[in-house]
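Student: Would you mind keeping the following structure in view while I ask a few things?
The values are calculated or read from the model by the stated rules, or taken from the named source; none is laboratory data. These numbers were taken from a predicted model, which means no experiment stands behind them. Note: ideal-geometry Cβ built from the backbone for every residue, glycine included; neighbour counts use all protein chains shown. Note: areas computed on protein heavy atoms with side chains; ligands, DNA, RNA excluded. Shrake-Rupley method; radii C 1.70, N 1.55, O 1.52, S 1.80 Å.
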Amino acid sequence: MIEKHEKAGEVLRIVREEVKKKVKPGVKLLEVAEFVENRIRELGAEPAFPCNISINSDAAHCTPKKNDERTFKEGDLVKIDIGAHVDGFIADTAFTIDLGDNEELVRAAEEALKRAIEAVEAGISTSEIGKVIEETAKEFGFKPVINLTGHGFQPYVAHAPPTIYNYGIEKGVKLEEGTVIAIEPFVTNGVGKVAERSEVEIYSLLKQKPVRGKIEREILKEIEKYRTLPFAKRWLTKAPEIILAKLVREKILRSYPVLTEISGGLVSQAEHTVVVEEGGARIIT
């Protein structure tokens, strides 16, 4: 089990460094997302979710549309969040690229991640990890995003317990040796909270149910291979908005609306997947 998480992590280490060179003004978001997803497959894993590219005040659940013409611009603060799995065992990593003048905001998230990982060992409470992240963000003059979290994994489930809050909570859970977790600080110069906006490009299967319509059946057949992992609308041969909305209403699919900082603040992100060990944590991404 750990070996498969590690293999997914090895793939992400390579892709992470390669994609950093591609995020430049004038480059299409779709080009970068497709590079990430195809490269993960070339290296012997599968995407655990669509490549997330969240810019400026958008924090999560952003992936390009089919035939998306948007490009990176001077001044953008770009979060790239990528995941890979081997037989359902997942690794997850993220980083921020500053195309503007937000070096301190980027550094705050990176330092929060570094210090949080340094604090991890078997027996530590998740409340302590959150406290480290919050204190580091505030030390830099920023705030953690309180309603985005790190997480554990289950086979074919990218976000599972334990939840790793990005602020100090009263009572957490103790981490056991061998637990694989993603620590994921989000830091902002805004008020520190995200909310959904209407754009949705990512879905996952909640429950297979009989459906009458031909297109619904075709969609459900096509997404079988992703099991319960998130997939992008652009990965589907056909994806009429009205049909996807119907499948969400019927609780067959879950939608992932884009999450954006409620005050319009800029958001930076840093993330690694680690294995909790006696006396420390081992980074696998």
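Student: What percentage of the solvent-accessible surface of the chain, computed with a 1.4 Å probe over protein heavy atoms, is contributed by carbon and sulfur atoms?
Tutor: 49 percent
Student: Taking the chain as the reference, fit the longest principal axis to its C-alpha atoms, fit the long axis of helix 2-20 to the helix C-alpha atoms, and give the angle between the two in degrees, 0 to 90, nearest 10.
Tutor: 90 degrees
Student: What's the local net charge at LEU77, with K and R +1, D and E -1, over the other residues with C-beta under 10 Å away? Walk me through the numbers before you get to the answer.
Tutor: Details: positive: LYS79; negative: ASP58, ASP76, ASP98, ASP101.
Surrounding charge for LEU77 is -3.
Student: Continuing with the same structure: How long are the semi-axes of the ellipsoid equivalent to segment 33-186, from square roots of 5 times the Cα gyration tensor eigenvalues, in whole Å, largest first? Before the final figure, lay out the partial values.
Tutor: Working: eigenvalues 137, 98, 25 Å².
Each semi-axis is the square root of five times an eigenvalue, giving 26, 22, 11 Å.
Student: Would you calculate a helix-derived [θ] at 222 nm for the chain, using -39,500 (n - 2.57) for each DSSP H run of n ≥ 4 and dividing by the full residue count, to the nearest 500?
Tutor: On the way: 6 runs with 82 residues, N = 285.
It lands at -9000 deg cm²/dmol.
Student: Do the alpha carbons of any pairs in LYS209/LYS246; LYS65/LYS209; LYS207/LYS246; LYS24/LYS79 sit beyond 19 Å of each other, and which pairs?
Tutor: Result: LYS65/LYS209 exceed 19 Å.
Student: Find out how many positive minus negative residues lie around GLU277, taking Lys and Arg as positive, Asp and Glu as negative, among other residues whose Cβ is under 11 Å from that of GLU277.
Tutor: Value of the local net charge: -3.
Student: Going by Cα centres, segment 92-151 and segment 179-222 are how many Å apart?
Tutor: 23 Å
Student: While we're here: Summing +1 for each Lys or Arg and -1 for each Asp or Glu, what net charge is found among the other residues whose Cβ lies under 12 Å from the Cβ of GLY265? Please report the intermediate quantities before stating the final value.
Tutor: Working: positive: LYS143, LYS193; negative: ASP58, GLU261.
Cβ neighbours under 12 Å give a net charge of 0.
Student: To the nearest Å, what is the center-to-center distance of segment 22-43 and segment 65-88, using C-alpha atoms only?
Tutor: Answer, in whole Å: 7.
Student: Which whole number in µm²/s is D for segment 135-285 by Stokes-Einstein, with the Kirkwood Rh taken over Cα pairs at 37 °C and 0.692 mPa s? Don't skip to the answer; put the middle values down first.
Tutor: Numbers: Rh = 17.7 Å.
Diffusion coefficient, whole number: 185 µm²/s.
Student: Oh, and also: How high is the relative contact order of segment 112-235, in percent, with contacts defined as C-alpha pairs under 8 Å that are six or more residues apart?
Tutor: Relative contact order here is 27 percent.
Student: Distance from a point 7 Å along Cα→Cβ of GLN208 to each backbone N in segment 227-258: keep the residues under 18 Å and list them by number.
Tutor: It comes to 227-231, 247-248, 251-254, nothing else.
Student: OK, next. Accessible area of ARG115, 1.4 Å probe, to the nearest 10 Å²?
Tutor: In the full protein context, ARG115 sits at about 70 Å².
Student: Now for a different question. Taking the 0 to 90 degree range and rounding to the nearest ten, how far is the long axis of helix 126-139 tilted relative to the main principal axis of the chain, both from C-alpha atoms?
Tutor: 80 degrees
Student: Given 0.36 nm per residue, what is the gain on full extension from ALA122 to GLU74 after removing their alpha carbon distance, in nm?
Tutor: Length difference between fully extended and current span is 13.0 nm.
Student: Using alpha carbons only, how many degrees (0 to 90, rounded to 10) separate the axis of helix 103-119 from the longest principal axis of the chain?
Tutor: Result, in degrees: 80.
Student: While we're here: Under the 0.36 nm per residue contour assumption, what length would be gained going from the current alpha-carbon distance of GLU18 and GLU218 to full extension?
Tutor: This chain segment gains 68.5 nm when fully extended.
Student: Next up: When the chain is fully extended, how far beyond the present Cα-Cα distance does ARG107 get from GLU177, taking 0.36 nm per residue of separation?
Tutor: In short, 22.3 nm is gained.
Student: Skip the ligands, DNA and RNA, and give the accessible area per residue of the chain with a 1.4 Å probe, whole Å².
Tutor: Accessible surface, normalised per residue, equals 45 Å².
Student: Viscosity 0.890 mPa s, temperature 25 °C: give me the Stokes-Einstein translational D for segment 93-171 in µm²/s, with Rh taken as the Kirkwood radius over C-alpha pairs.
Tutor: 184 µm²/s
Student: Segment 206-260: D in µm²/s via Stokes-Einstein (Kirkwood Rh, Cα pairs, 4 °C, 1.567 mPa s)?
Tutor: 111 µm²/s
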